[in-house]
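Here is the structure we will look at, set down as structure tokens.
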Amino acid sequence: MTTIFDPIKLGADTAANRAIMAPLTRGRATRDHVPTPIMVDYYAQRASAGLIISEATGISHQGLGWPYAPGLWSDEQVEAWKPVTQAVHDKGGLIVAQLWHMGRAVHSAVTGEQPVSSSATATPGDAHTYEGKKPYEVARPLAIDEIPGIIADYVKAAKNAIAAGFDGVQIHAANGYLIDQFLRDNSNFRDDIYGGSIENRVRLLREVTQAVVDAIGADRVSVRLSPNGDTQGVNDSNPEPLFAAAADVLNQIGIAFLELREPGPDGTFGATDVPRLSPLIRQHFKGPLVLNSDYGLGRAQADLASGLADAISFGRPFLANPDLVDRLREGAPLTQAQMATFYSQGAEGYTDYPTLAEKKAAA
């Protein structure tokens, strides 16, 4: 029977276990979106994960509206990521970069320009900015002749990730960000080849993924989707055929693995009553399937044993438990994450969560 502690081949690499570290935005880079030395410690502490998926990392200044989040479009950013990837590798770990364009979820107070999206819509609620929270702005629809430039930004960021020492990349196509805004019908009202039919709405996902695969190889590319329910105001009236089609496209391209974020009715972020679509997507995507959202060890083991999942990604548990794999193996209690320091600056709530060994030594 497959367990969370068994190794798994994910494209070009073999992970030592199936406990994947999910992408977690932390806001510890500079205002120029350059990684900082404290990020080296943070990722190295968590290198016992089977694979680390980095925090969402901007592909361009236009697409990165989160204060102090890192990017991968400049030489300075590439150089600053190198100590991070080296530290993870020195501890025997693997790390891929999650490539991020936030679309309408950016704010001009951060980027200096109006947000862009599939259509003229706005994310509900307030955006994080350097001056505090501000209401999201209505996005400008991308002109069709701008889309090749967006795709080129993904390709450049992917090449930069490899140059920075990452083991691969994950294309962020989930959580109500740019590609998700093109995928789903309550945010995409286009009447060109990127809107209307499912085939058209999946087009940007397909083109970005194929271009990145052509640049760095299919065995180093993964994708994240959030197929069930509303995420930051992005939703779809008929998600089953949409995400079956998306899974078919990704299966044909032959990516290394597909990650699904699937909250339930009691989810800690984006709770929904819409049933999870992983059983359907499993029929269409034949590569490794990684499932995410509010997993504990029991449910993780059950989904692995049933064959629904090939690996499980954990978010907040890895945030507060750098040695999460050891704690799961020993059945040890988990530390709860401090929400107040999720996006703050400095070490508090970032690199100061103790391991079991450190707790025992201090006792």
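Look through the range 175-191, keep the residues that are part of a loop (DSSP other than H, G, I, E, B) and closer than 15 Å to Ala245 by Cα, and return whichever of them is nearest to the chain's Cα centre (by Cα).
The selected residue is Arg184.
When only residues in the range 106-121 that are part of a loop (DSSP other than H, G, I, E, B) and either charged (D, E, K, R) or within 21 Å of the chain's Cα centre (by Cα) (or both) count, which is surrounded by the fewest Cβ atoms within 10 Å (Cβ to Cβ)?
Of everything passing the filter in the range 106-121, Glu113 is surrounded by the fewest Cβ atoms within 10 Å (Cβ to Cβ).
Looking at the range 249-363, what helices (runs of 4 or more DSSP H) fall wholly within it and have at least 3 residues that are surrounded by fewer than 20 Cβ atoms within 10 Å (Cβ to Cβ)?
In the range 249-363, 278-284, 297-306, 324-330, 356-362 are the helices (runs of 4 or more DSSP H) which contain 3 or more residues that are surrounded by fewer than 20 Cβ atoms within 10 Å (Cβ to Cβ).
Which of the following residues is touching a helix residue (DSSP H, G or I) at 6+ places or on another chain (Cβ under 7 Å), among the β-branched types (Val, Ile, Thr) and over 26 Å from Val40 (Cβ atoms): Val169, Val155, Val138?
Every option except Val155 fails the conditions.
Looking at the range 191-205, which of its residues are surrounded by fewer than 17 Cβ atoms within 10 Å (Cβ to Cβ) and either of a type outside the set (A, V, I, L, M) or under 22 Å from Leu277 (Cβ atoms) (or both)?
Answer for the range 191-205, where residues must be surrounded by fewer than 17 Cβ atoms within 10 Å (Cβ to Cβ) and either of a type outside the set (A, V, I, L, M) or under 22 Å from Leu277 (Cβ atoms) (or both): Asp191, Asp192, Gly196, Ser197, Glu199, Asn200.
Output the residues belonging to the range 16-38 that are touching a Pro at 6+ places or on another chain (Cβ under 9 Å), surrounded by fewer than 23 Cβ atoms within 10 Å (Cβ to Cβ) and more than 23 Å from Glu131 (Cα to Cα).
Selection gives Ala16, Asn17, Pro37.
With the requirement that a residue be free of Cβ contacts under 8 Å to residues at least 60 places away in the same chain and either in a loop (DSSP other than H, G, I, E, B) or buried (at least 17 other Cβ atoms within 10 Å of the Cβ) (or both), what does the range 126-146 give you?
Listed by number, the residues that qualify are Glu131, Tyr136, Glu137, Val138, Ala139, Pro141, Leu142, Ala143.
Collect the residues in the range 147-174 that are under 20 Å from Ser74 (Cβ atoms), among the small types (Gly, Ala, Ser) and in a loop (DSSP other than H, G, I, E, B), keeping them in residue-number order.
Ala164, Gly165
Tell me, yes or no, whether the range 172-182 has at least one residue that is more than 21 Å from Ala69 (Cβ to Cβ), of a type in the set (Gly, Ala, Ser), buried (at least 23 other Cβ atoms within 10 Å of the Cβ) and touching a residue at least 60 places away in the same chain (Cβ under 8 Å).
No, because not a single residue in the range 172-182 is more than 21 Å from Ala69 (Cβ to Cβ), of a type in the set (Gly, Ala, Ser), buried (at least 23 other Cβ atoms within 10 Å of the Cβ) and touching a residue at least 60 places away in the same chain (Cβ under 8 Å).
Read the figures in this text as sums done on the coordinates, not as results from a lab. Everything numeric in this text was worked out from a predicted model, so none of it was measured. Note: ideal-geometry Cβ built from the backbone for every residue, glycine included; neighbour counts use all protein chains shown.
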